[in-house]
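Taken together, the values in this text are just the output of simple stated rules run on the coordinates, not laboratory data. Predicted, not measured: the structure shown is a model, and the values here were computed from it. Don't worry about glycine lacking a Cβ; one is built from the backbone with ideal geometry, like all the others, and counts go over all protein chains shown.
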Amino acid sequence: MCAGLASDMSYQTIDVVTDNGLCVVTQNRPEALNARNSQMYAEIIAAFQTAGDDDSVSALLLTSSGTTFSAGMDFKNEYQHAYTPLPDDSDRVRAIKSEFSSDDIMGAVIGLARRFVGAFIEFDKPLIGAVNGPAIGEGFTSLLHCDLVYASNNAYFWAPFARAGAAPEFAATRLAPRRLGSSLANAMIYFARKVSAEEAKDAGFVLETFDSDDLLQRVQADIQEGLALAGPPELRAQTLRSFRGLVYSDEEKADLLRQADREFALVRRRAESGEANLVREYYAGQLPR
């Protein structure tokens, strides 16, 4: 658990461990291919907030258990978890859920998802992804907010939003062309092209690829080597926070949040019109769930 903050770290869908300034957040729903539900949204938001507040944490690494990084949004989501606290929820998770109400269930679910996107955009320390397998839908697009992305050799990145009856999110329509180049990004967004780890490395999105068996060990060693060069431990969080503030200005963060709002407006419109259900029925049984 993150150092010094154990009292606020009770999670059911993720594991959080801090070692020598690196907070490792592990998505832990391997039985669901690490698809993200409302409970995981709230818990990852809380973990990011906690790591951001902890001056002993210099960087955050997001990874997953099992063989899939994330299959994206969980279509079997228990929506009440967006606004209903569970007995084992931490105070921070409860506070996040309290922002939403059962009076507008769709608004609560999308509102929490919007807060989840905001957690990535607003995180102010180096954010790193270790992709241990397929990253699908928002499993891929959330990685666009990582400063560094490592991947296992068998990983791939796939954004089948139209096929899922959804819409691009995480400001992917703004960030994907920057991170992968416009042609490759547009092929992913418009036509659901799968991109291998090697292709993503060639495009400059993935920094290094490793065998899946030693991915996390190799990534952590690489990051720790870098952290050791970021000054004395008591200054590292402050130094790296100031550097990330130069990479992502307040103006850019606000622009990304506005783009995310536009994307979520399309998600809600497709859901409320019934279009999303029609698409999912058309592709029934063909999505990786």
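Points to keep in mind about this one:
- Calculated log₁₀ intensity ratio I(q)/I(0) where the Debye formula runs over C-alpha points of segment 21-88, q = 0.20, 0.24, 0.29 Å⁻¹: -0.87, -1.07, -1.21
- Annotation for segment 31-55 versus segment 164-196: alpha-carbon center distance of 23 Å.
- Using the Stokes-Einstein relation with a Kirkwood hydrodynamic radius computed over Cα pairs, the translational diffusion coefficient of segment 203-258 at 10 °C and a viscosity of 1.306 mPa s comes to 115 µm²/s.
- The trypsin sites (Lys or Arg not before Pro) of segment 47-156 that meet both conditions, a loop assignment by DSSP and at most 15 other Cβ atoms within 10 Å of the site Cβ, are Lys76.
- With Cα atoms as the point set, segment 94-253 shows a radius of gyration and Dmax of 17.2, 51 Å.
- Segment 1-110: GluC sites (Glu not before Pro) in DSSP coil with no more than 15 other Cβ atoms inside 10 Å: Glu78, Glu99
- Exceedance of the 26 Å cut-off in Cα-Cα distance is limited, within the set Lys97/Lys201; Lys76/Lys253; Lys97/Lys253, to Lys97/Lys201; Lys76/Lys253.
- By other beta-carbon atoms within 10 Å, ranking Val267, Val17 with the fewest at the front produces Val17, Val267.
- In the elastic network of the chain, a GNM with C-alpha springs shorter than 10 Å, the most mobile of Ala176, Ala265, Ala108 is Ala265.
- Radius of gyration, Dmax [the chain; alpha carbons; angstrom]: 18.0, 57
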